[in-house]
Amino acid sequence: MAPGYHYPLEELRDYKAQGGTVYTGRDSHWTQPAALECYKTLRGRIGRTRDLDLAYQPSLDSETGDLSIGSYHDVVNAERRRMFGQETSYFNVFASLILNHGNVLVLYNPKGKGRCLAFGTSFSTRLVPAYASDFEEVVFCYGTTVDPAMVQLVKPDCVISELPERFLHFPSYSVEGSTLISLLLGLHDHKGKSTAQITAQTSVPNHVAELGAFFAGVNARAMGHPALHLMRQLEQEMPDLAERVALLAPFLGEPMQKAALRLLLSGQFYNRGLVAQVSKFVDDGLLDIGKLALVPNSEAGLLTQIRILIRAGLNIRAAERLEHLFAQFGTGVEADYYATLLRRLA
């Protein structure tokens, strides 16, 4: 891993030895106080030296108890109540109200300093209040890797990415624009049950309001259709991403196509089950040459592009993508298969 990672095992053991509770046994996630303790051990490494003035009260009760809830929907509802039921002195500027993929938050704390862009999983929802106590602005995006498009759009002072150890079995590859596309897909799936329109609970500075307005304007009708002003901004700053988002509409009406796109956006390195499932989508005609621009350049994405191009008879272009695959990710079972197939077809 790149230098700079923070693995707080010893710190959490020390915290537990001193009487702190890392897990209650009722919930699969760490406790909010333990998450705060983890962040405290990280602050110095990201240049935060001033005293941390908490904007919330960490509590062991701030958990869903998902290990004792039988229904998935009950867990979802409990998690939403947990996320937005705590009293804080920071404010929501934007929230998608979507759990996991598509979860985006913009928070404002007038006493904080700087702008933080954070990526992470459900474990990070216990960390976000700590971030929001430290920074004036926090943008949190659910994801197991850093989306470079969000770094370019948000322009943060600090980027933090939390990753549970189990995801290291299939390390993630950053897929540019995956955050926005996951947000659009999530809003379409949750139409009528979620919203990308949350009015700030207090007046906020223009630079914060603009950041919230960007995400609040992601869609025109909270149904996953990209809004015109969003597309104009993307076209100016990131034309390739703008093209990908513009081509999203055909995926919205077909659940299996959305499932295929979500797999490709996961950015996981070699995962045999993922590759096999997406390959079947190509063979069944759910992913074809007309949707090629939507497929990202992750490993599974490149394998999918090659399969689509071969099925369309564009073997020269398929060979070019294969060279890119070898350069980026090296050899693999599927890559070697396509290399042999393309030599036979030449």
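The values are calculated or read from the model by the stated rules, or taken from the named source; none is laboratory data. As the structure is a computational prediction, the values presented were derived from the model and not from experiment. Neighbour counts run over all protein chains shown; Cβ positions are idealised from the backbone, glycine included. Remember, those area values only see protein heavy atoms, side chains included, never the ligands or the DNA or RNA. Shrake-Rupley method; radii C 1.70, N 1.55, O 1.52, S 1.80 Å.
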- Query: Which residues, counting only those in the range 47-81, are within 30 Å of L264 (Cα to Cα), open to solvent by 40 Å² or more (accessible area, probe 1.4 Å) and of a type in the set (A, V, I, L, M)?
  - Reply: L67
- Message: I'd like the residue in the range 56-71 that is more than 16 Å from S124 (Cβ to Cβ) and under 25 Å from the mean Cα position of the chain (by Cα) and, out of all such residues, is modelled with the highest pLDDT.
- Response: L67
- Complete set of residues in the range 82-102 that are crowded, with 24+ Cβ neighbours inside 10 Å and at pLDDT below 90: V93, F94, S96, G102
- the range 305-318, residues that are in contact (Cβ under 8 Å) with a residue 24 or more places away in the chain and surrounded by 17 or more Cβ atoms within 10 Å (Cβ to Cβ): I306, R307, I308, I310, A318
- Out of (1) within 25 Å of the chain's Cα centre (by Cα); (2) open to solvent by 30 Å² or more (accessible area, probe 1.4 Å); (3) within 30 Å of S266 (Cβ to Cβ), the one R26 does not meet is (1)
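Output the residue which, of all residues in the range 168-204 that are at pLDDT below 80 and either part of a helix (DSSP H, G or I) or aliphatic (A, V, I, L, M) (or both), is most open to solvent (accessible area, probe 1.4 Å). Spell out the reasoning first.
First, pick out the residues of the range 168-204 that are at pLDDT below 80: 168-173, 187-203.
Next, only the ones that are either part of a helix (DSSP H, G or I) or aliphatic (A, V, I, L, M) (or both) stay: 168-169, 187-189, 196, 198, 200.
Details: L168: 78, H169: 148, L187: 3, H188: 23, D189: 68, A196: 0, I198: 47, A200: 32 Å².
Residue satisfying both the conditions and the ranking: H169.
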- Query: Within the set of pairs 6 or more residues apart or between chains, which connect a residue that is open to solvent by 40 Å² or more (accessible area, probe 1.4 Å) inside the range 272-288 to a residue that is part of a helix (DSSP H, G or I) and of a type in the set (A, V, I, L, M) with Cβ atoms less than 7 Å apart?
  - Reply: Q277/L263; D288/I308
- Note on the structure: Counting only residues in the range 240-281 that are of a type in the set (S, T, Y) and in a loop (DSSP other than H, G, I, E, B), the one farthest from S178 (Cα to Cα) is identified as Y270
